[in-house]
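Presented below is the structure to which this report refers.
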Number of protein chains: 6
Amino acid sequence: MSWLPTLITKTPEEGYDLAIKLSRMAVKKTQPDDAARGAMRPDYANSADSLTQVSHVVATNFQTVAQANNFWRD
Amino acid sequence: MSWLPTLITKTPEEGYDLAIKLSRMAVKKTQPDDAARGAMRPDYANSADSLTQVSHVVATNFQTVAQANNFWRD
Amino acid sequence: MSWLPTLITKTPEEGYDLAIKLSRMAVKKTQPDDAARGAMRPDYANSADSLTQVSHVVATNFQTVAQANNFWRD
Amino acid sequence: MSWLPTLITKTPEEGYDLAIKLSRMAVKKTQPDDAARGAMRPDYANSADSLTQVSHVVATNFQTVAQANNFWRD
Amino acid sequence: MSWLPTLITKTPEEGYDLAIKLSRMAVKKTQPDDAARGAMRPDYANSADSLTQVSHVVATNFQTVAQANNFWRD
Amino acid sequence: MSWLPTLITKTPEEGYDLAIKLSRMAVKKTQPDDAARGAMRPDYANSADSLTQVSHVVATNFQTVAQANNFWRD
């Protein structure tokens, strides 16, 4: 099973969760070591600027997912 | 009730507020601890560069919301 | 009266000014204290990198406003 | 005469120059003091990262100008 | 054979992998020395902020690839 | 001869090269001194974060070029 079978989601909220998944996957593919990623968690989870940057990536991916779903208008 | 039932808003101003909500939700989902987020507030609320970055995220999300609403043209 | 009644402007220059307004509003909504924002002004107004970041936010918002106005082509 | 009468340009190169103008105008409107801006020039003109950030802003504005001109396809 | 014969991919997951390839190629073309790039790997693979920035670039390229593929809707 | 006669390219790879050219041109127009730019090269060519930022600018310009070419779908 693919980790990304489709960009289509039933609801905007599921689309937002997919945007978060897309944002994390690039990190995982660049640093595949689970322990290394876990060790970095306190660095960004307690830094306002780091969290803002994470939110920027999610916003960029959410644009893509929202467009794919025609903004769940229909 | 979903925190994000729709991207459609009645007015541009409501759309802007939704963009802010979208921007904050990624932070909340990455750092779910309310106290931890509260403790960081002075860090970004008193830093010009941090506030500019926050504004960039909002701008990115506002693009999505504005497109979803066909720019409230109709 | 809403601070953002519409994204439609008569001219590109007015659209650019609206993009600046949109960029500043996210800062204001995150740090509502006028004195606190005023105290930060020297920080970014005298930093080349801060000003570049401000310009990036304006550029992102100007994309939205320009699209809303069909690039003032008509 | 407006500094931005139109987003339409005859050629892609003129469109690129307009993107640079748009990028600089946000800086000028945030820091209107010519001397203050001039004093900052060595800061960014001799920093690789600052120049990359400037280029990012130009790229964002060039997207807008290129779309306005239908990518000069016709 | 071109390293980029097409932006069209069969699946969203392949599209995501292409976005990663596009993100790395700009680095490779700017710093063609394999050893130099390898030496930098610990710098970004162990920095939360660096990884977030990498993810932002992938998100931007994924927008392009997803649009090219009409979001794999068909 | 213009340095940017058109955004149309025959192939995606040529489009990517044009995106790199667009990214560098903003740097060149901001810092026209060849020697000054050359002196900065070690700064960014040996910094992972600098290279990621360069890649982000290329990604933004590649969006524009890919759209101009209708993603080379035809």
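Exactly one residue out of D:P32, D:P42 is within 14 Å of chain F (Cβ to nearest Cβ) and more than 30 Å from F:F71 (Cβ to Cβ), and it is D:P42.
Just give me the residues in the range B:1-27 being open to solvent by 60 Å² or more (accessible area, probe 1.4 Å), facing chain A (nearest Cβ under 9 Å) and under 14 Å from the mean Cα position of the chain (by Cα), in sequence order. Walk me through how you get there before you give the answer.
In the first step, residues of the range B:1-27 are kept if they are open to solvent by 60 Å² or more (accessible area, probe 1.4 Å); the result is B:1, B:5, B:8, B:10, B:14, B:17, B:21, B:24.
Going one step further and asking which of them are facing chain A (nearest Cβ under 9 Å), we end up with B:5, B:8, B:24.
Scanning the range B:1-27 gives a single hit, B:R24.
Pick out, from chain E, the helices (runs of 4 or more DSSP H) lying fully within it that include 3 or more residues that are over 21 Å from F:D74 (Cβ atoms) and touching a residue at least 24 places away in the same chain (Cβ under 8 Å).
Values: elements: E:12-30, E:34-45, E:48-68.
Passing ranges, in order: E:12-30, E:48-68.
Residues that are over 16 Å from the mean Cα position of the chain (by Cα) and open to solvent by 30 Å² or more (accessible area, probe 1.4 Å) within the range E:48-74 comprise E:D49, E:N70, E:W72, E:R73, E:D74, listed in sequence order.
The values are calculated or read from the model by the stated rules, or taken from the named source; none is laboratory data. A quick note: this is a predicted structure, and the numbers were derived from the prediction, not measured. Here the Cβ is made from the backbone with ideal geometry for all residues, glycine too, and neighbour counts use every protein chain on show. These area figures cover heavy atoms from the full protein model, side chains too; ligands, DNA and RNA do not enter into them. Shrake-Rupley method; radii C 1.70, N 1.55, O 1.52, S 1.80 Å.
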